[in-house]
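Notes follow the structure.
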Amino acid sequence: MSDRADYTPPKIWKWKAPSGGRFANINRPTAGPTHEKELPVGKHPLQLYSLATPNGQKATIMLEELLELGHRGAEYDAWLIRITEGDQFGSGFVAINPNSKIPALVDRSGDKPRRVFESGAILLYLAEKFGALLPTDPDRRTEALNWLFWQMGSAPYLGGGFGHFYVYAPIKIEYAIDRFTMEAKRQLDVLDRHLAEHEYMAGDDYSIADIAIWPWYGGVIKGDVYDAAEFLQGQEYRNVGRWADAIAKRPAVMRGVMVNRTSGDPASQLRERHDASDFLTKTKGKVSI
């Protein structure tokens with residue numbers, strides 16, 4: 001690894017040693033399973049395999065929002081995938097997500113199991129399956145999908161770009177941090193300008209667009225992601241803050257962020273979720289079930 005200004009990339013790149021700081025032990029240039037391990041299956045048709053990263057929270061928030069709306073078919077088992085320990089490279093997980101990223105969902109409600117991977121695909125799949133949290137009006141539906149796919153395209157700059165170089169990279173590279181901080185702030189400004197004129201991302205109605213964007217950008221603006229709220233200041237992002245606060249108060253969101261969580265206050269962690277009653281021992285009346 002080199003941080004020299006005169007570094008010249010080789011004509012043919014070869015993987016010589018693990019790199020990537022904190023996640024070096026799970027980074028490699030090849031795909032596929034590293035070991036045999038079947039995934040557990042619970043009692044509900046929907047089986048989620050995840051971790052409470054921002055991407056993982058999208059799926060659990062969505063499922064809890066569907067249950068809040070009365071969709072009993074959205075009951076689910078949430079199994080913990082420890083990505084720092086390489087669970088995502090087990091043969092069972094790779095079979096449902098060949099890209100070895102969380103979250104991954106299996107719907108067993110039909111004649112045969114159906115896999116769904118990529119967080120945006122999971123949100124869209126569940127919205128269409130239950131007819132909820134995605135507007136049916138063509139204009140509003142298109143707007144919700146615009147912002148859903150905006151998030152899917154933008155978040156890698158926030159996570160793999162800004163987050164990696166600001167927090168995880170073993171060498172702090174000024175150029176990289178400046179480049180991705182500039183982009184993170186630009187994206188926040190895009191959101192802030194839009195939310196100055198809209199209550200939610202697709203207009204007046206809360207949707208999968210909000211569920212996709214909130215764990216990343218709401219988390220960053222509040223300092224819950226990368227502990228970066230102060231570093232990213234300079235603009236107020238007042239409208240993003242208003243929107244983020246409103247979503248954070250939703251009972252389903254409060255439940256969803258607890259599921260598959262392994263850090264922070266132990267009372268905020270529900271490492272696996274198999275029934276709505278699992279929250280009772282954690283919430284002490286603070287979160288509605």
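Assorted remarks:
- GNM remark for the chain: springs join alpha carbons under 10 Å apart, and the peak mean-square fluctuation among SER268, SER109, SER119 falls on SER109.
- Adding -39500 (n - 2.57) for every DSSP H run of four residues or longer, then dividing by how many residues the chain holds, sets the calculated 222 nm ellipticity at -10500 deg cm²/dmol.
- Local net charge near ASN99, Cβ-Cβ under 12 Å (Lys/Arg +1, Asp/Glu -1): +1
- In order through the stretch 244-258: 3J(HN,Hα) via Karplus (6.51 cos²θ - 1.76 cosθ + 1.60), integer Hz, x for Gly, Pro: 4, 5, 5, 5, 4, 8, 5, x, 5, 5, 4, 6, x, 6, 7
- Dipole orientation for the chain: of the candidates ALA31, GLN187, MET152, ALA31 has the Cα lying most toward the positive pole (charges on Cβ; Lys, Arg +1; Asp, Glu -1).
- For the pair ASP178 and SER268 in one chain, pulling the backbone fully straight at 0.36 nm per residue adds 29.0 nm over the alpha carbon distance.
- For the chain, the gyration tensor built on C-alpha atoms gives an oblate shape. Its axis ratio a/c (a ≥ b ≥ c) is at least 1.5, and a/b is not larger than b/c.
- Eligible aspartates and glutamates near LYS249 by straight Cα distance, threshold 13 Å, same-chain separation 8 or greater: GLU65
- Stretching the chain fully between ASP245 and ASN146 yields a gain of 33.4 nm (0.36 nm per residue, less the alpha carbon separation).
- The GNM of the chain, with springs linking C-alpha atoms under 10 angstrom apart, assigns the highest mean-square fluctuation among LEU158, LEU133, LEU69 to LEU69.
- Efficiency of FRET between ASP205 and ALA121 - r from beta-carbon atoms, R0 25 angstrom, step 0.05: 0.75
- For the chain, built as a Gaussian network whose Cα springs stay under 10 Å, the top-fluctuating residue of SER100, SER154, SER207: SER154
Laboratory data are not the source of any read-out in this text; all were calculated from the coordinates shown. In this text the structure is predicted, and so the values were computed from the model without any measurement. No Cβ is skipped: glycine too gets one built from the backbone with ideal geometry, and neighbour counts run over all protein chains shown.
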